[in-house]
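The values are calculated or read from the model by the stated rules, or taken from the named source; none is laboratory data. The model shown is predicted, which means the values in this text are computed figures rather than measured ones. Cβ sites come from the backbone with ideal geometry, for glycine too, and all protein chains shown count toward neighbours. Accessible surface areas use protein heavy atoms only, side chains included; no ligands, DNA or RNA. Shrake-Rupley method; radii C 1.70, N 1.55, O 1.52, S 1.80 Å.
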Amino acid sequence: MKLKLPLPAMIALWVVLVAAPLAIGLVGFSMIPAGVERIPTHWGFDGQINGYGPPSMTWIIGAVMAGVQTLVALCCIFNDKLYDLGLVHGVSREGAPVLYVVLGVFLVAVTAWCVWLMVSNAV
């Protein structure tokens, strides 16, 4: 499977995928009721909350995930250079951009899920 998008369309796609975690974090932060001083930030293997943090963790998570998205976007845009340097193996040169985009969409979904868990369990 190949992802044949012109460079401006590819850049626009990645701008959206990088901005999405930031937007999710900020929307999550705005949904926390006034007066809430802590939100869950960690769950154990048993599903029980075992760590709390300030409400600002929602947009911090969004910012960190936007940074990760930026790295994935750079890998996608400079895919051919990474192949030329021998840094990508196991995926075809044409298939790697598809993998990067799927990873980007997955990371947006994970960000939304994490922020939702934090907001919905705010104390």
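Here is a yes/no grid of residues against (1) open to solvent by 80 Å² or more (accessible area, probe 1.4 Å); (2) among the basic types (Lys, Arg); (3) in a helix (DSSP H, G or I):
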residue	(1), (2), (3)
ASP80	yes, no, yes
GLY86	no, no, no
HIS89	yes, no, no
SER92	no, no, no
TYR100	no, no, yes
LEU103	no, no, yes
ALA109	no, no, yes
ALA112	no, no, yes
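Within the range 39-67, the set of residues being of a type outside the set (Phe, Trp, Tyr) and open to solvent by 90 Å² or more (accessible area, probe 1.4 Å) comprises HIS42, ASP46, GLN48, ASN50. Residues that are touching a residue at least 40 places away in the same chain (Cβ under 8 Å) and open to solvent by 40 Å² or more (accessible area, probe 1.4 Å) within the range 69-78 comprise THR70, ILE77, listed in sequence order. For the range 7-48, filtering for residues that are of a type outside the set (A, V, I, L, M, F, W, C) and either in a helix (DSSP H, G or I) or under 14 Å from TRP116 (Cα atoms) (or both) leaves 9. Of all residues in the range 10-38, those being open to solvent by less than 40 Å² (accessible area, probe 1.4 Å) and among the small types (Gly, Ala, Ser) number 3.
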